Every structure is written in C-alpha cells, then in structure tokens.
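One structure is given here, and the rest of the page talks about it.
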Amino acid sequence: MDEFTTWDILALSEYKYLPFYDEAQEKEYLRYHKLHKHCNWIEAITYVNIGLLEEFYSNITLISNPDNPLVLVNKYRQLPSEYTPCDLEPIDVQFNPQGLLLRRDARIAFEDMCSGAAKEGLHLEAISTFRSFSYQNKVYLKNKLPDMNMEDYQRERDKVSARAGHSEHQTGLAVDINDLEQTFENTPEGRWLADHAHWYGFILRYPKGRERITGYDYEPWHFRYLGKELAKAVHQSNLTYDEYYIRYLHSF
C-alpha cells in the first residue's frame, strides 16, 4: 500500500468495525477516498461496495435470488434474462386502465396507496409496472436510429433508461405513477407521494441529487415496493436504496 499515506491507512482501520467493511477491498476503499476527498470514510466504503469505483455496467453480478422482495437491481447487478415473477397480478382498473401487473404484495399496497390518496381528492394511476427482459430491451433501444453509434447512444440513454436485466420493473415491484416528467414533483400528487409513499411500503427510488450513486436522472414518478417497515427505515435514513442495501441488508 505504498501509494497511500500511513495516516490514510490508520484512518481507514478505524472503520473495520462496520458490518459492511470488506477487508478484501481495503485498497479500493483507499483509492476511492484518495480520488474523492469530499467523501468521508463511511461513504467511501459504501460507494466501493456498491461498485462506484468502476464505470456503470462494468463488473456486473448476476442476481441469484431475483424472487427476494428486497432484491437490489442496479447498473452493477443484473437480473437473469429469463426471470419473470410467478405472482404477478393485474392492478384494479380504477388505478390502471391498461391491465398492468405487479407482484401480489406490491399490487395490494399500491391499490391501498391509491385509495389513501383518493380520500384526499388525489388521483394516482400506474403508467408502467412489470416489464420483461425483452420488453425492457425494446424500451432502451426505442430511440436508436440505424446510423447511430451505440456508445454515443448509451452515453445519453443510460441516464434515463435501464439496459435489459438492470431494470427494477422486471422485478414486478416498481411502478411509474401518473407522469414521466420531473415537474411531477410539483403537482399535488407528486408532493403527496414524496410525503406518504413510505407509509404504504414504497420508496422514491431515484431521488434528486443522488444521480452519481443511482446512475439515473431524478425520477419523482418511480417508486419501489419494499414493505412498510423497510420503506419507512429507508425513507428516514435519507439514503438511496443502493446505499441502504449495502449498509444494512447485504452480507459480506
């Protein structure tokens, strides 16, 4: 570790007590902290464990437990191409006229949330839910023209759309609500969701100001179902789900 100062090595060693500290990645922790001096050590350890020392869509892990309702799907963790949840159910038509599907627990919670909003005179509607691997690939490539360079296309498209296998929609636990514009945050429904979704088991998955962690532009319409207890904990932590998962749910 000659490239690192003794002070940095000693400073890092004070965090070995953390349950998400991985001794095999000590050099990576030091490298990340050296490159990003604005980060504290806990952040550096978290971000390396997420994968952020590498480019997005590199060093990808194939998810072995896609049915786990707490599964983390991001640009470093990929769902199997053949994976489709076995408990998908259509959402009540009053909250979804298109026949869209969610996993059973998420579907029940979403309908409950829509009913709660309706009691306050607000209308919530699912506009995108489960997407298969093949359908997500079509969504990702829909704006690509034949003569466009793929790397150039990916550079811009990756900010707003997931590559196939990396979309939470394939889990059947994610729902886009009402509007796919960032101005949705300023609507009564958008504000209500920001304040109340966690009480129904949903979290805002791609929050504002966390783009370098999630890899996506802010999406005030995209909510992920985790269950009431965990959603409240994630909301109160002020962490992205990527960070929370690494610190409290993932085993090292």
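When GLU82, GLU120, GLU89 are screened for being closer than 18 Å to VAL175 by Cα and either outside the structural domain of LEU12 (by TED's automatic domain parsing) or in contact (Cβ under 8 Å) with a residue 60 or more places away in the chain (or both), only GLU89 passes.
Within region 68-115, count every residue that is in a helix (DSSP H, G or I) and surrounded by fewer than 16 Cβ atoms within 10 Å (Cβ to Cβ). So the answer is 5.
For region 154-173, state whether one or more residues are hydrophobic (A, V, I, L, M, F, W, C), free of Cβ contacts under 8 Å to residues at least 12 places away in the same chain, surrounded by fewer than 22 Cβ atoms within 10 Å (Cβ to Cβ) and in the same structural domain as TYR76 (by TED's automatic domain parsing). No, there is no match, as no residue in region 154-173 is hydrophobic (A, V, I, L, M, F, W, C), free of Cβ contacts under 8 Å to residues at least 12 places away in the same chain, surrounded by fewer than 22 Cβ atoms within 10 Å (Cβ to Cβ) and in the same structural domain as TYR76 (by TED's automatic domain parsing). Does LEU122 meet the test of being surrounded by 16 or more Cβ atoms within 10 Å (Cβ to Cβ), in a loop (DSSP other than H, G, I, E, B) and hydrophobic (A, V, I, L, M, F, W, C)? When the stated conditions are applied, LEU122 passes them. For LEU30, the conditions (1) over 20 Å from TYR248 (Cα atoms); (2) crowded, with 20+ Cβ neighbours inside 10 Å; (3) under 17 Å from the mean Cα position of the chain (by Cα) are fulfilled apart from (3). Checked against the criterion of being under 21 Å from VAL234 (Cα atoms) and either of a type outside the set (A, V, I, L, M) or free of Cβ contacts under 8 Å to residues at least 12 places away in the same chain (or both), the candidates ASN59, ASN68 yield just one match: ASN68.
The values are calculated or read from the model by the stated rules, or taken from the named source; none is laboratory data. Keep in mind that what you see is a predicted model, and the values were worked out from it rather than measured. Cβ: placed from backbone, ideal geometry, glycine included. Neighbour counts: every protein chain shown.
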